[in-house]
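The values are calculated or read from the model by the stated rules, or taken from the named source; none is laboratory data. All values reported here derive from a predicted model rather than from experimental measurement. Cβ placement follows ideal geometry from the backbone for every residue including glycine, while neighbour counts extend to all protein chains displayed. When the accessible area is computed, the model is the full protein with side chains, heavy atoms only, and any ligands, DNA or RNA have been set aside. Shrake-Rupley method; radii C 1.70, N 1.55, O 1.52, S 1.80 Å.
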Amino acid sequence: MALLDRSAWYNIARSTNWTPKYVPESELFPKDQSDPYGIPTAEWETFDEPYKVSYREYVSVQREKDAGAYSVKAALMRSNYYENADPAYLSLLKMHYGAIALSEYAACQSDARMTRFSKAPSMRNMATFGMLDELRHGQIQLYFPHQLVTLDRQFDWAHEAHHTRNWATLAGRHALDDVMMTRDAMTTSLMLNFAFETGLTNVQMIGLSADAANMGDYTFSNLITSIQSDEARHAQIGTPVIEIMIRNGKKAEAQQAVDVAFWRIWRVFALLTGIPMDYWFPLEKRDRSFKEYMHEFVITQFERQLRDVGLERPWYWEHFLDDIETHHHCQQAGIWSWRNTVWWNPTGGLGPAERDWLEQKYPGWNATHGKYWDVIIDNLRNGRPEKTEAVGMPAICNMCQIPISNKGGTVWKARIYQREYEGRRYNFCTLVCRWVFDTDPVRYKDWDTIVDRMYNGQISPPTAENILRYMGSGVVSKGGRDAHDYAWVKGYDRSPQAAE
Ligand code: MN
Ligand code: MN
């Protein structure tokens, strides 16, 4: 049977809006799920998705993507790649799968909300495919690490992490619940499709995939490239939404939603991507520094996309540029020091050559972040490894749920930004996290950070052992240790710095 060309029927097939007779429109599309901005219904008929696909085409392309990713995995399973891989690289996989697999699954709900409650029929159509995409991403990222559980129980966290109260999980969930899970269909699209997927996933998928390929892990490299090809398609849902909002006098609202989401996802994302890129990959396998990736794939591209759609750079752009130089370096130091609280084994990874590389990529690294590591390295070289394990808990930001820190050493910038609200004091890591709180205090005010829970009796008594148990550490697998058992400090025995 001859088939019509898609362009001959597509516009008719997706015109599925009708005038409701049995319920009022406000019941079919409740304001708080569909459109709190009050865009006239007729405007939604203008929604024109940049990327058009039919279900038949979608299924056939997705089937091929899956076949590609699964067959690379099957072929490489026989190579014992993971049995022989660098333990710091395996930590990247453990962290990635734990953080990402069930987040993808959760994103099905975000897309489902757009599928049901968007007023534009073509947006509902695109979101249906987005929902199927996220289901695939959830499944494939549970299936791939499953074979690794026999190698190392920490891989079980691919499934486990989101069901625990591990501090890193709480940070990720707080951001994703805010951006993906608790907003109306339009705001979800601005925050998830535009700010998160258009703005930030490229560096993960292009940068991390290049580094993984350099490591010889074609399974993981192909997996994330396959996922990103879906993200690049459904991310485009956000653009027509923003255009419609701007045309209807809602630019300020669109801008604020994008600014909030971009910052929230950035704070988490820098840990997942920045730390492995700049600390865990062996020097000779590093394609570029995290900062170079951020400048090329986020700053340049995202700025252009913002301009094209009619929005401005977020007001906090200077703070963001500064955070690219700072945030993931602080958290590498913090996570390594509190390594028993995470489900992977981070490496310090800071031999003399690695420090030279960091100094070159981030001028001033030695005089700031390096000072922290000087003490650690001195302790390790003098047989005091127990002194490198942090005790107690650091102050945690009431917004991003990440320890509050900044540059130390010769540039002392660590400070807390506070806000009193309804008699409670909130602590923030940056002006920007505090600004996010100020945009909607009612939304955020009742959340307790893991440190709040130590003081308000939820973790009782707040002993080190109890805190770890509360976070789920030790149940499935042991907490983290240095991936290389400190072998990286041996480099100083041969270097001139050893004489100091
Ligand atoms: Mn996805
Ligand atoms: Mn997505």
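Surrounded by 15 or more Cβ atoms within 10 Å (Cβ to Cβ), without any contact (Cβ under 8 Å) to a residue 60 or more places away in the chain and under 24 Å from Ser337 (Cβ atoms): does that describe Asp356? Reasoning before the result, please.
Working: surrounded by 15 or more Cβ atoms within 10 Å (Cβ to Cβ): no; without any contact (Cβ under 8 Å) to a residue 60 or more places away in the chain: yes; under 24 Å from Ser337 (Cβ atoms): yes.
In short, no.
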- In region 88-128, how many residues are of a type in the set (Ser, Thr, Tyr) and not in a helix (DSSP H, G or I)? 1
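Kindly indicate whether Phe196 is assigned to a helix (DSSP H, G or I) and away from ligand 2 (no atom under 16 Å from the Cβ). Give the steps one after another, and end with the answer.
Working: assigned to a helix (DSSP H, G or I): yes; away from ligand 2 (no atom under 16 Å from the Cβ): no.
Taking the combined requirement at face value, the residue does not satisfy it.
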- Item | Selection count where residues are on the phi > 0 side of the Ramachandran plot and either part of a helix (DSSP H, G or I) or under 22 Å from the mean Cα position of the chain (by Cα) (or both), scope region 468-490 | 1
- Note on the structure: By residue number, the members of region 1-46 that are closer than 20 Å to Ile237 by Cα, open to solvent by 100 Å² or more (accessible area, probe 1.4 Å) and either touching a residue at least 40 places away in the same chain (Cβ under 8 Å) or not in a helix (DSSP H, G or I) (or both) are Lys31, Asp32, Glu45
- What is the one condition in (1) closer than 30 Å to Gly479 by Cβ; (2) away from ligand 1 (no atom under 16 Å from the Cβ); (3) at pLDDT 95 or above that Ala99 does not satisfy? (2)
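Any idea which of Gly207, Gly238, Gly216 is away from ligand 1 (no atom under 13 Å from the Cβ), part of a helix (DSSP H, G or I) and farther than 30 Å from Ser122 by Cβ? Spell out how you get there, then give the answer.
Numbers: Gly238 fails: farther than 30 Å from Ser122 by Cβ; Gly216 fails: part of a helix (DSSP H, G or I).
After applying the criteria, what remains is Gly207.
Considering only region 406-458, state which residues are in a loop (DSSP other than H, G, I, E, B), in contact with a Pro (Cβ under 9 Å, 6 or more places away or on another chain) and more than 21 Å from Arg264 (Cβ to Cβ). Give the derivation first.
Our first condition is that a residue be in a loop (DSSP other than H, G, I, E, B); within region 406-458, this holds for 406-416, 422-423, 429-430, 440, 445-449, 456-458.
Those still in the list that are in contact with a Pro (Cβ under 9 Å, 6 or more places away or on another chain) too: 422, 429.
Correct list: Glu422 only.
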- Note on the structure: Only unsatisfied item for Tyr81, checking (1) open to solvent by 60 Å² or more (accessible area, probe 1.4 Å); (2) closer than 30 Å to Gly480 by Cα; (3) in contact (Cβ under 8 Å) with a residue 24 or more places away in the chain; (4) not acidic (Asp, Glu), is (1)
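Being surrounded by fewer than 22 Cβ atoms within 10 Å (Cβ to Cβ), at pLDDT below 95, away from ligand 2 (no atom under 12 Å from the Cβ) and not aromatic (Phe, Trp, Tyr) narrows it down to one residue among Thr225, Thr182; which is it? Explain how you work it out, then say what you get.
Numbers: Thr182 fails: at pLDDT below 95.
Unique residue meeting the criteria: Thr225.
Which of the residues spanning region 129-187 are in a helix (DSSP H, G or I), among the polar types (S, T, N, Q) and in contact (Cβ under 8 Å) with a residue 60 or more places away in the chain? Write out each step before concluding.
Quick first cut of region 129-187, residues in a helix (DSSP H, G or I) only: 129-146, 153-163, 167-181, 185-187.
This time we only want the ones that are among the polar types (S, T, N, Q), so: 139, 141, 154, 169, 187.
Those that are in a helix (DSSP H, G or I), among the polar types (S, T, N, Q) and in contact (Cβ under 8 Å) with a residue 60 or more places away in the chain: Gln141, Gln154, Thr169, Thr187.
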